Amino acid sequence: MDNQGYVFSFGPWNIHEGADPFGPTVRESIPFNTKLAEYKKLGFDGVQFHDDDAVPKMNDLSKDQIIAEATAVKKKLDEHGLKAEFVAPRLWEDPRTIDGGYTSNDPACRQYAIDRSLRCIDIAKALGTDLIVFWLAREGTYIRESKDSRDAVKKIVEAIDTMFAYDKTIRIAIEPKPNEPMDHTYIPTTGHAIALGMLTSDASRVGVNIESAHAILAGLDPSDEMGFALAYDKLWTVHLNDQNGLKFDQDKTFGAVDLRRAFNQVRILDKHGYDKTGSMVGLDIKAMRSQKADVATKHLSNSREIFLRLLEKSRTLDAKAEAQLIAARDYEGLEMLVINHLLG
Ligand SMILES: [Mn+2]
């Protein structure tokens, strides 16, 4: 199936061992190089990274060692004909990030988060991308009284300004999520992320990465979140997946829960020329824990196929009938037009 001008990406963590909070791994670990060889076969050209996906144990390495390791990874990407899409600082596993990264109450821990973010920039540059993704996992609270929400926002802004001063070319795409692991986070929605950018020294370098499941967890429609970001020219990547209601972040196959909701995400992207912006169609999806190892990449190829089939549906919806029904304010008629088209 042709990619229709879209470039698809996923992260190496999307081929995974199947552990969940209640049970251990159920599939063997697959070495990073073996994963890279899968990308093209599955129809993908972009690789998303956490900083330590590219440079494991980076906390034990000097800046020069980190750049050397990342440069070696870039060579491997080139050999496979792949591009790094973005690098995200992993600020939620180290003991110094227990109380948050940039918003920790401990100044030494905040400094660790900033130092780590600067090394993340070094890695991104070595991998040949200018895009940093911020999933602000622990920038929030379990109880309201533990942090000051106004000061927390200012601290995140300070961290971004420090990164912008360190490198004049990088851009930051904030990936909003309302909860999990925290009770509440400080940047829960697209609107918060874009508004936060306005407080930084260079708003033109702050955009968003919209994950479908995160928007759904915030009680919002992912396609409307994307439309909001597109209106600001801030939609720099997406994390397409699906989510069955308000529960843990499921990262299900794109369109697997609500095909029409997925259709509308594809539609808003395609209507506004997302394929021509240079941004990739990123996926963030997990194989079910029950999936056997030899078929544990189907969630990736299936999500891409569902995107492309919905793209065709979007492009072949009867535009004249649609316009007439909208003009007549016959939205019941419009609903059936869409449903009939999706049912085929
Ligand atoms: Mn997710």
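Values as computed for the structure displayed
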| read-out | value |
| --- | --- |
| Which listed residue, of MET226, MET163, is in contact with a helix residue (DSSP H, G or I) (Cβ under 6 Å, 6 or more places away or on another chain), in a helix (DSSP H, G or I) and within 16 Å of the ligand (Cβ to nearest atom) | MET226 |
| Selection status of LEU240, within 15 Å of the ligand (Cβ to nearest atom), aliphatic (A, V, I, L, M) and either under 20 Å from GLU305 (Cβ atoms) or crowded, with 23+ Cβ neighbours inside 10 Å (or both) | yes |
| Selected residue (only one of VAL153, VAL133 is under 21 Å from GLY191 (Cβ atoms), open to solvent by 20 Å² or more (accessible area, probe 1.4 Å), within 23 Å of the chain's Cα centre (by Cα) and not charged (D, E, K, R)) | VAL153 |
| Options ASP284, ASP275: the member that is modelled with pLDDT of 95 or more and in contact with a His (Cβ under 9 Å, 6 or more places away or on another chain) | ASP284 |
| Among the candidates THR190, THR200, residue that is buried (at least 19 other Cβ atoms within 10 Å of the Cβ), closer than 25 Å to ALA124 by Cα and more than 16 Å from the ligand (Cβ to nearest atom) | THR200 |
| Any hit, the range 216-223, residues being at pLDDT 95 or above and closer than 25 Å to ILE121 by Cα | no |
| Within the range 71-121, considering residues that are assigned to a loop (DSSP other than H, G, I, E, B) and among the aromatic types (Phe, Trp, Tyr), the one most open to solvent (accessible area, probe 1.4 Å) | TRP92 |
| Tally of residues being more than 19 Å from ALA231 (Cα to Cα), away from the ligand (no atom under 16 Å from the Cβ) and either crowded, with 18+ Cβ neighbours inside 10 Å or without any contact (Cβ under 8 Å) to a residue 60 or more places away in the chain (or both) across the range 250-278 | 1 |
| Search result, residues across the range 166-184 that are touching a residue at least 12 places away in the same chain (Cβ under 8 Å), more than 26 Å from LEU220 (Cα to Cα) and not in a helix (DSSP H, G or I) | ASP167, THR169, ILE170 |
| Residues located in the range 279-320, provided they are in a helix (DSSP H, G or I), of a type in the set (Gly, Ala, Ser) and open to solvent by 20 Å² or more (accessible area, probe 1.4 Å) | ALA293, SER301, ALA319 |
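Every residue, every condition in (1) touching a strand residue (DSSP E or B) at 6+ places or on another chain (Cβ under 8 Å); (2) closer than 28 Å to PHE248 by Cβ; (3) among the basic types (Lys, Arg), yes or no:
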| residue | (1), (2), (3) |
| --- | --- |
| TYR6 | yes, no, no |
| GLY11 | yes, yes, no |
| HIS16 | no, yes, no |
| ASP51 | yes, yes, no |
| MET58 | no, no, no |
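The values are calculated or read from the model by the stated rules, or taken from the named source; none is laboratory data. Quick caveat: nothing in here was measured; it's all calculated off a predicted structure. So basically every Cβ, Gly included, is an ideal-geometry build from the backbone, and we count neighbours across all protein chains shown. Please note that ligands, DNA and RNA were not included when accessible areas were found on the heavy atoms of the full protein model with its side chains. Shrake-Rupley method; radii C 1.70, N 1.55, O 1.52, S 1.80 Å.
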